[in-house]
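Asks: The following block contains the structure, expressed as structure tokens.
The values are calculated or read from the model by the stated rules, or taken from the named source; none is laboratory data. Computed from a prediction, not measured in an experiment: that's the story for all the values here. Here the Cβ positions follow ideal geometry from the backbone for every residue, glycine too, while neighbour counts run over all protein chains shown. Remember, those area values only see protein heavy atoms, side chains included, never the ligands or the DNA or RNA. Shrake-Rupley method; radii C 1.70, N 1.55, O 1.52, S 1.80 Å.
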Amino acid sequence: MNTLNPKTFPFADKELTIQILNLIELSKNNNQLKKGANETVKIINKGFAELIIIAADSDPIEIVLHLPLLCEDKNIPYVFINNKQTLGKACGISRSVIACCIPTNLNSNLNEQIKNIKNKIEKFLN
């Protein structure tokens, strides 16, 4: 993606993107990952979402722009990353993924990493 769409805010920088993709791979291995816009919306509406990751190169971008509104209503952190193909690979599938969600799991060993990434996303918002 050559130009950054102003609608894709907050946009993760390269370092944060790598950390997010590593977290996605770990949560996939722990069966703690929901892939796709529809599953993401279901988890947001149920109130079990911990973190939402959205691909900024979704075409058209409007197919994912309802997710930030839902997240803001429920106070769930979300972030845009650069590439939907990379997001798909991190989710463990060969197709591109436009959104994924890490649901809440109190017994997870990923809670510290999720909290760390949430803090970094909040720094982008301030």
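Asks: May I ask you to list pairs of residues, at least six apart or on different chains, whose Cβ atoms are under 9 Å apart, with the first in region 100-118 being charged (D, E, K, R) and the second being open to solvent by 10 Å² or more (accessible area, probe 1.4 Å) and in a strand (DSSP E or B)?
Replies: 118/50
Asks: Pick from region 64-77 the residues that are of a type outside the set (A, V, I, L, M, F, W, C) and open to solvent by 50 Å² or more (accessible area, probe 1.4 Å): which of them is nearest to residue 90 (Cα to Cα)? Can you show your working first?
Replies: Narrowing region 64-77 to residues of a type outside the set (A, V, I, L, M, F, W, C): 66, 68, 72-75, 77.
Of the ones still in play, those that are also open to solvent by 50 Å² or more (accessible area, probe 1.4 Å) are 66, 72-75.
Values: 66: 23, 72: 25, 73: 27, 74: 26, 75: 25 Å.
Once the filter is applied, the top-ranked residue is 66.
Asks: Output the residue which, of all residues in region 1-29 that are in a loop (DSSP other than H, G, I, E, B), open to solvent by 70 Å² or more (accessible area, probe 1.4 Å) and within 18 Å of residue 90 (Cβ to Cβ), is modelled with the lowest pLDDT.
Replies: Going through region 1-29, the residues in a loop (DSSP other than H, G, I, E, B) turn out to be 1-10, 12-13.
From what's left, open to solvent by 70 Å² or more (accessible area, probe 1.4 Å): 1-4, 6-7, 9, 13.
Keeping just the survivors that are within 18 Å of residue 90 (Cβ to Cβ) gives 1, 13.
On the way: 1: 44, 13: 91.
The qualifying residue modelled with the lowest pLDDT is 1.
Asks: So, one more: Just to verify a result, which residue in region 33-63, among those that are surrounded by fewer than 18 Cβ atoms within 10 Å (Cβ to Cβ), touching a Ser or Thr at 6+ places or on another chain (Cβ under 9 Å) and touching a residue at least 40 places away in the same chain (Cβ under 8 Å), is farthest from residue 106 (Cα to Cα)? It would help to see each step written out before you state the result.
Replies: In the first step, residues of region 33-63 are kept if they are surrounded by fewer than 18 Cβ atoms within 10 Å (Cβ to Cβ); the result is 36, 38-39, 42, 45-48, 59-63.
Okay, now just the ones that are also touching a Ser or Thr at 6+ places or on another chain (Cβ under 9 Å), so 47-48, 61.
If we keep only those that are touching a residue at least 40 places away in the same chain (Cβ under 8 Å) too, we end up with 48, 61.
Details: 48: 11, 61: 33 Å.
In this case the residue turns out to be 61.
Asks: Could we say that residue 49 is more than 20 Å from residue 115 (Cα to Cα) and among the small types (Gly, Ala, Ser) here? Break it down stepwise before answering.
Replies: Numbers: more than 20 Å from residue 115 (Cα to Cα): no; among the small types (Gly, Ala, Ser): yes.
Against the criterion (more than 20 Å from residue 115 (Cα to Cα) and among the small types (Gly, Ala, Ser)), residue 49 does not qualify.
Asks: Being touching a strand residue (DSSP E or B) at 6+ places or on another chain (Cβ under 8 Å), surrounded by 21 or more Cβ atoms within 10 Å (Cβ to Cβ) and in a loop (DSSP other than H, G, I, E, B): is that true of residue 97 here? Show your work before the answer.
Replies: Numbers: touching a strand residue (DSSP E or B) at 6+ places or on another chain (Cβ under 8 Å): yes; surrounded by 21 or more Cβ atoms within 10 Å (Cβ to Cβ): yes; in a loop (DSSP other than H, G, I, E, B): yes.
When the stated conditions are applied, residue 97 passes them.
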